[in-house]
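The values are calculated or read from the model by the stated rules, or taken from the named source; none is laboratory data. Values in this document were obtained by computation on a predicted structure and should not be read as measured data. Neighbour counts are summed over all protein chains in view; Cβ atoms, including those assigned to glycine, are modelled from backbone coordinates with ideal geometry. The area values use the complete protein model at the heavy-atom level, side chains included, leaving out ligands, DNA and RNA. Shrake-Rupley method; radii C 1.70, N 1.55, O 1.52, S 1.80 Å.
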Amino acid sequence: MRKSYAKKIDARATQLLRELKLMQVPIDVGAVASQLGAHVVFEDLDDDVSGFLLRDKSVMTIAINKDHHINRQRFTLAHECGHLHLHADKGDRLWLDKTYFFRDGSSSQGDQFAEIEANQFAAGLLMPEELIRASLSEGRSISDVDVVRLAMQFGVSERAMTFRLISLDLLDPVAA
Ligand SMILES: [Zn+2]
């Protein structure tokens, strides 16, 4: 995904958080989902399934694998919010999110791009750039301790935070 397009998706996530008055860390992603009109359930799902969104007429159900780590559940929920907010034009359907989604070849190319969009939206929703910048001291390079602190503060994995900092050009990929 081109950087300029990623920024556009980030902007949509930020705009949504502002509209819903939920721009504070850790982002209340459950509140985002319910305000988008989804009914969220936490279920026993196959281990390789992170969650899914079922859009059936006006009824929208998001299921999250309750056995996964809480940070992962938050990311999955934010990802499903991405499908909800970005992909309404694709109509009634099931968005099934598997761990190895990209490897098993079961998805069409169009779907693969939608998955990348939903992941970008999730990162933008859980880790808004302005809130990350606000919790960093200016002019000082980011240390490992900062990454751990930010991950805890934002309720995401250290890995997700590291990727986010790199994509925002706040962290050097070589140093990470
Ligand atoms: Zn998805």
### Task
From Gln112, Gln73, grab the single residue that is modelled with pLDDT of 95 or more, within 15 Å of the ligand (Cβ to nearest atom) and under 25 Å from Met1 (Cα atoms).
Gln73
### Task
Determine whether segment 3-15 contains at least one residue that is out of contact with any strand residue (DSSP E or B) (no Cβ under 9 Å at 6 or more places or on another chain) and farther than 26 Å from Leu150 by Cβ.
no
### Query
Would you say Ser50 is more than 16 Å from the ligand (Cβ to nearest atom) and open to solvent by 10 Å² or more (accessible area, probe 1.4 Å)?
no
### Top-ranked residue of segment 18-39 - restricted to ones that are of a type outside the set (Gly, Ala, Ser) and buried (at least 19 other Cβ atoms within 10 Å of the Cβ), ranked as nearest to Arg74 (Cα to Cα)
Val29
### Query
Among (1) under 23 Å from Met23 (Cα atoms); (2) part of a strand (DSSP E or B); (3) among the polar types (S, T, N, Q), which single condition is Ser50 missing?
(1)
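Of all residues in segment 79-96, count the ones that are open to solvent by 10 Å² or more (accessible area, probe 1.4 Å) and at pLDDT 90 or above. Give the derivation first.
Start the filter on segment 79-96 by keeping residues that are open to solvent by 10 Å² or more (accessible area, probe 1.4 Å), which leaves 79, 84-86, 88-94, 96.
Narrowing further to those that are at pLDDT 90 or above: 79, 84-86, 92-94, 96.
So the count comes out to 8.
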### Query
Mind checking whether some residue in segment 60-77 is surrounded by fewer than 20 Cβ atoms within 10 Å (Cβ to Cβ) and assigned to a strand (DSSP E or B)?
yes
### Query
Is it the case that some residue within segment 14-23 is touching a Gly at 6+ places or on another chain (Cβ under 6 Å) and in a loop (DSSP other than H, G, I, E, B)?
no
